[in-house]
Amino acid sequence: MAAAPTIRGGERRLAALLLAPTAILLLIVLVLPTLFAFVYSLLDLRLATVAGFAGLENWQKTVFRPSTVPLLIRTAVFVAGTVLLTVALALPIATWLDRLTRNRSLAMQVVVIVPWVLSTVVASLLFRWTWLESLGIGSWLADVLFSSRITPLLEPASAMVSLILVATWRTLGFAVLLLVAGLKSVDAEIYEAGRVDGASTLQRFWLLTVPLLRTSLTIVVIVLLVSSLNNAEVPLVVTGGGPGDATMTLALQIYQTAFTDLDFGGAAALASAAMVINIFLVLAYTRMSRIGRPDQ
């Protein structure tokens, strides 16, 4: 058996040199802010001034309190609903686009990607204006067609559903594009072999398409998990966390703690807790996505 090839010292140094700019950039924009947030969470901050050492006081008043549990539950509902609905819609749409001719596929991809290109604030405002109780065109059409005004932003359950729909509409284009790119790398002979073996369209989708897209799906889910967990714009613009606290998510709570309550130490504690949750979700999903692989 031939010995496995080894990386020589010169090649290793060249690889380190090429990766150094990216590593430095990640250190500046990710690692250092995270460390600073944790340090700030242990300080007594009066606006932008450090008044002393606070220990775990900021954590106790913002993280380790009874209201954190329902806050995390609402956040989990928002994140899970957004990720599941986006993937459930993106998979069949990407499969359909992959079967179109080149020109038609490009045209439809442009249509799908438009919400993703739009600013999150703009997309959220469009939805909010559509369903305003007195001025929204959606409420007006419901009144004309069904003699009943629909006000989804005024009920706790429908307000959360509204957030999930807006976030899904906003991120669907990103997921579709990544999955279409993954489908383009799949050999068409694999589907032809499945067709010859008598597999139906649905069987080819579940037994061939989904497993072959495992890498693309992993990337899509991880990005959606992180972006949804840290999405403060949609809840802020669409519902403001209301009615009551029905749509108050962790990201929005961090924003309001910092910029409404001016409690920067408490916001830093919440942000540090959110970073831990982010890391846990990414590691957990990547671990689960490897289960069943031959090399594991």
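Observations, loosely collected:
- Of the residues contained in the range 215-222, none is found to be more than 20 Å from A80 (Cα to Cα), of a type in the set (A, V, I, L, M, F, W, C), open to solvent by 30 Å² or more (accessible area, probe 1.4 Å) and at pLDDT 80 or above.
- Which numbered condition F78 misses (of (1) surrounded by fewer than 11 Cβ atoms within 10 Å (Cβ to Cβ); (2) at pLDDT 90 or above; (3) of a type in the set (F, W, Y)): (1)
- Boolean, A90 is open to solvent by less than 30 Å² (accessible area, probe 1.4 Å) and either part of a helix (DSSP H, G or I) or within 30 Å of V166 (Cα to Cα) (or both): yes
- Just one of the listed residues (L72, L17) is over 14 Å from A267 (Cβ atoms), of a type in the set (A, V, I, L, M, F, W, C) and free of Cβ contacts under 8 Å to residues at least 60 places away in the same chain, namely L17.
- Selected residue [aliphatic (A, V, I, L, M) and more than 16 Å from the chain's Cα centre (by Cα)] from V282, V238, V221, V226: V238
- Residue count for the range 188-200, restricted to those that are within 16 Å of A94 (Cα to Cα) and either out of contact with any Lys or Arg (no Cβ under 8 Å at 6 or more places or on another chain) or open to solvent by 90 Å² or more (accessible area, probe 1.4 Å) (or both): 1
- Some residue of the range 2-22 being modelled with pLDDT of 85 or more, in contact with a strand residue (DSSP E or B) (Cβ under 6 Å, 6 or more places away or on another chain) and surrounded by 10 or more Cβ atoms within 10 Å (Cβ to Cβ): no
- Scan the range 233-243 for residues that are open to solvent by 20 Å² or more (accessible area, probe 1.4 Å) and among the hydrophobic types (A, V, I, L, M, F, W, C) and the total you get is 2.
Residues are listed down the side, and each one gets a yes or a no for (1) free of Cβ contacts under 8 Å to residues at least 24 places away in the same chain; (2) surrounded by 13 or more Cβ atoms within 10 Å (Cβ to Cβ); (3) of a type in the set (A, V, I, L, M):
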position: L202; (1), (2), (3): yes, no, yes
position: D245; (1), (2), (3): no, yes, no
position: Y255; (1), (2), (3): yes, yes, no
position: A273; (1), (2), (3): no, yes, yes
position: M288; (1), (2), (3): yes, no, yes
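- Listed conditions (1) under 21 Å from V77 (Cβ atoms); (2) of a type in the set (S, T, N, Q); (3) touching a residue at least 60 places away in the same chain (Cβ under 8 Å) are all met by N230, apart from (3).
- Here S134 qualifies as at pLDDT below 80, closer than 19 Å to P243 by Cα and surrounded by fewer than 16 Cβ atoms within 10 Å (Cβ to Cβ).
The values are calculated or read from the model by the stated rules, or taken from the named source; none is laboratory data. Since we're looking at a predicted model, the values are computed, not measured. Every residue, glycine as well, gets a Cβ built from its backbone with ideal geometry; the counts of neighbours run over all protein chains shown. Quick note on the areas: whole protein, heavy atoms, side chains included, nothing else; ligands and nucleic acids left out. Shrake-Rupley method; radii C 1.70, N 1.55, O 1.52, S 1.80 Å.
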